[in-house]
Amino acid sequence: MTEMTFKVPDISCMHCVHTIQTEVGALPGIKSVEARADTKEVKVAFDAPLTRAQIVATLAEINYPVVESN
């Protein structure tokens with residue numbers, strides 16, 4: 001299992017949190033998603049074959065682009 005944290009500055013409210021957790025959580029291979037409006041971060045745990053690039057692309061598609069990640 002891989003864990004990553006993404007910086008997503010457009011998270012501003014609980015609706016944003018819910019949207020991110022629902023959409024990213026639906027990806028095959030996702031184990032957990034925690035989006036936080038206070039830190040503007042999304043923490044994700046996932047298994048292969050899901051990749052970092054697929055998660056970043058999904059966030060961009062739902063209008064929550066990543067600005068930096070580890």
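Values for this structure:
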{"read-out": "Distance (nanometres) between label positions extended 7 Å along Cα→Cβ at ASP38 and CYS13", "value": "1.9"}
{"read-out": "Projected label distance in nm at ARG52 and GLU3, using a 7 Å step from Cα toward the beta-carbon", "value": "1.6"}
{"read-out": "Sequence-distant aspartates and glutamates (8 or more away, or on other chains) whose Cα lies within less than 13 Å of LYS40", "value": "ASP10, GLU68"}
{"read-out": "Nearest 10 degrees, 0 to 90: helix 14-25 Cα axis against the chain principal axis", "value": "10"}
{"read-out": "Directionally averaged projected area (convex hull, Cα atoms, the chain), nm²", "value": "3.8"}
{"read-out": "C-alpha long axis of helix 52-61 to longest principal axis of the chain, angle in °", "value": "40"}
{"read-out": "Candidate lysines - alpha carbon under 17 Å from LYS31, same-chain residues fewer than 8 apart omitted", "value": "LYS43"}
{"read-out": "For LYS31, residues with placed amide H under 5 Å, excluding near neighbours", "value": "ALA45, PHE46, ASP47"}
{"read-out": "Under the Karplus curve 6.51 cos²θ - 1.76 cosθ + 1.60, θ = phi - 60°, whole-Hz ³J(HN,Hα) for the stretch 28-40, x wherever Gly or Pro sits", "value": "x, x, 6, 9, 7, 9, 10, 9, 9, 6, 5, 9, 6"}
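Values in this text are rule-based calculations from the coordinates and carry no lab data. What you see is a predicted model, and the numbers here were worked out from it, not measured in a lab. Please note: Cβ atoms are built from the backbone with ideal geometry, for glycine as well, and neighbour counts cover all protein chains shown.
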